[in-house]
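To start, the structure under review is shown below, and the notes come after it.
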Amino acid sequence: MKILVVIPAYNERESIVSTVERLKKEAPGLDYVVINDCSKDDTAQLLTAHGMHFIDLPVNLGIGGAVQTGYRYALAHDYDAAVQVDGDGQHDPAFLSVMAKTLEEERADMVIGSRFIRHEGFQSSFARRVGILYFTRLIRLLTGKTITDPTSGLRMIGRKGIAMFAKEYPRDYPEPESVVELLRSGGKVLEIPVVMRERQGGTSSIRFRNSVYYMIKVTLAILIACIRKKGE
Amino acid sequence: MTLRLKIILLLALVLVLILLTLRVRKRQLDLRYTLSWYFLGAVLMVLVIFPKLLTHAARFIGISDSMNMLFFCGFVFSLVIIYTLTGAVSKQADQIRDLTQRMGLLAEELREEKEKNGEKNGAEE
């Protein structure tokens with residue numbers, strides 16, 4: 001199975017090199033591409049200096065547009081699966097092989113690495129867990145499927161997901177919305193337990209100031225995804 | 001409406017329409033997005049010249065003061081214009097995103113190609 005690791009990076013100078021090095025060491029044989037989302041720091045120079053494989057976006061697109069670039073690359077280069085691994089070192093590459101195995105053997109369209117199956121490792125703050133639980137309940141209400149960690153950035157998708165997301169992918173806070181879109185199109189979404197670490201550098205895209213906007217925007221996006229006609 | 005107010009409003013409207021046309025002529029404004037402004041100007045001009053129309057329209061939808069009717073019309077038009085702009089911005093954001101991604105992907109392809117060629121040349125030497 002040909003797998004592409006997509007690593008979105010925005011101002012990740014402190015952790016991008018170690019993230020990629022760790023990936024090369026712990027998941028050898030996997031292709032990867034860093035999407036430098038027009039970082040203001042020297043992320044691009046670091047990537048060039050270390051001879052890493054990357055795509056440089058000339059304009060900042062936000063996490064959705066950056067990850068979608070990776071999916072477009074995966075589609076163009078005929079990959080069987082693509083997995084998002086955040087550039088801040090939160091995601092452990094050791095789980096990638098289990099995810100790939102699950103995707104292949106269970107014929108799933110998406111495998112999510114969830115923090116909340118075994119409750120090990122970094123569990124995020126209380127407020128965030130409440131927010132995540134709310135999305136889990138909302139998605140269960142609307143689709144009947146239980147996704148314990150719908151905001152997880154560690155996700156692997158197969159060919160169907162790549163084709164779908166390369167064409168249309170939410171711009172900001174894309175994780176819960178895209179899960180719902182995949183579920184609505186009849187996709188099979190599975191979760192496996194993973195352990196995440198606290199981010200090693202940079203700042204989260206969701207700060208407290210934005211959290212109200214985040215909750216409202218993602219709720220609306222999920223609701224609209226549910227009234228969209230299939231294939232739209 | 002006094003004659004003085006009528007003349008002032010008409011002059012102002014004509015001035016705005018002239019400025020608008022000049023900017024379109026210099027291609028600083030896209031005629032496509034300017035049409036709604038022309039339309040707004042035309043309607044306002046008719047209403048200023050024939051204020052009776054405004055009084056009738058106001059009475060028809062139950063507004064007692066015809067000046068309020070004018071404000072109401074202006075407000076509704078502004079909303080329509082803002083709405084079309086929201087649509088235009090959304091479309092352009094999509095187009096910019098698509099272009100940005102294409103550019104990033106192309107630049108990567110070019111770099112890879114160069115590297116490959118560099119390796120070949122190195123092997124030949």
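The values are calculated or read from the model by the stated rules, or taken from the named source; none is laboratory data. Being a predicted model, the structure only gives us computed values, none of them experimental. Cβ: placed from backbone, ideal geometry, glycine included. Neighbour counts: every protein chain shown. When the accessible area is computed, the model is the full protein with side chains, heavy atoms only, and any ligands, DNA or RNA have been set aside. Shrake-Rupley method; radii C 1.70, N 1.55, O 1.52, S 1.80 Å.
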Total formal charge among the other residues, if their Cβ is under 11 angstrom from that of A:Ala94, Lys/Arg +1 and Asp/Glu -1: 0
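Looking at the range A:36-133, which chymotrypsin sites (Phe, Trp or Tyr not before Pro) are DSSP coil and have at most 15 other C-beta atoms within 10 Å of their C-beta?
Loop-located and lightly packed - A:Phe122.
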So what are the ³J(HN,Hα) numbers for the range B:13-18, from phi and the Karplus equation (6.51, -1.76, 1.60; θ = phi - 60°), rounded to whole Hz, Gly and Pro as x? 4, 4, 4, 4, 5, 5
As a test, work out the antiparallel percent of DSSP beta bridges whose residues both lie in the protein assembly as shown, rounded to the nearest 5. 25 percent
Along the range B:93-105, what does the Karplus equation 6.51 cos²θ - 1.76 cosθ + 1.60 (θ = phi - 60°) give for ³J(HN,Hα), rounded to whole Hz, x for Gly and Pro? 4, 4, 5, 5, 4, 4, 5, 4, 5, 4, 5, x, 5
Over the range A:26-71, what percent of the accessible surface lies on carbon and sulfur atoms, probe 1.4 Å? 56 percent
Using a 1.4 angstrom probe, figure out how much accessible area chain A has per residue, in square angstrom, rounded to the nearest whole. 46 Å²
Taking amide H positions as placed in the peptide plane 1.01 Å from N, state which residues far from A:Val59 in sequence (5 or more) or on other chains have amide H under 5 Å from it. none
Given a 1.4 angstrom probe, what's the average accessible area per residue across chain B, in square angstrom? 77 Å²
Once phi is turned into θ = phi - 60°, what whole-Hz ³J(HN,Hα) does the Karplus curve with 6.51, -1.76 and 1.60 give for every residue of the range B:57-63, x standing for Gly and Pro? 4, 4, 4, 4, 9, x, 9
Roughly how big is chain B's charge dipole about its Cα centre, with Cβ charges of +1 (Lys, Arg) and -1 (Asp, Glu), in debye to the nearest 20? 1240 debye
Taking the Cα centre of the protein assembly as shown as origin, sum charge times position over the Cβ atoms of Lys and Arg (+1) and Asp and Glu (-1), and report the length of that vector in debye to the nearest 20. 2080 debye
Where a ≥ b ≥ c are the square roots of the eigenvalues of the C-alpha gyration tensor, would you call the range B:3-94 rounded, which needs a/c under 1.5, or, failing that, prolate if a/b is larger than b/c, or oblate? oblate
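Treating only the Cβ of Lys, Arg, Asp and Glu as charged (+1, +1, -1, -1), what charge dipole size does the range A:10-86 show about its Cα centre? Round to the nearest 20 debye.
That gives the range A:10-86 a dipole magnitude of about 40 debye.
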Check each of the trypsin sites (Lys or Arg not before Pro) in the range A:39-103 and keep only those in coil by DSSP with at most 10 other C-beta atoms within 10 angstrom; list them in order. A:Lys40
Given Cβ charges of +1 for Lys and Arg and -1 for Asp and Glu, the option among B:Leu31, B:Ala88, B:Ile61 whose Cα lies farthest towards the positive end of the dipole of the range B:3-94 is B:Leu31
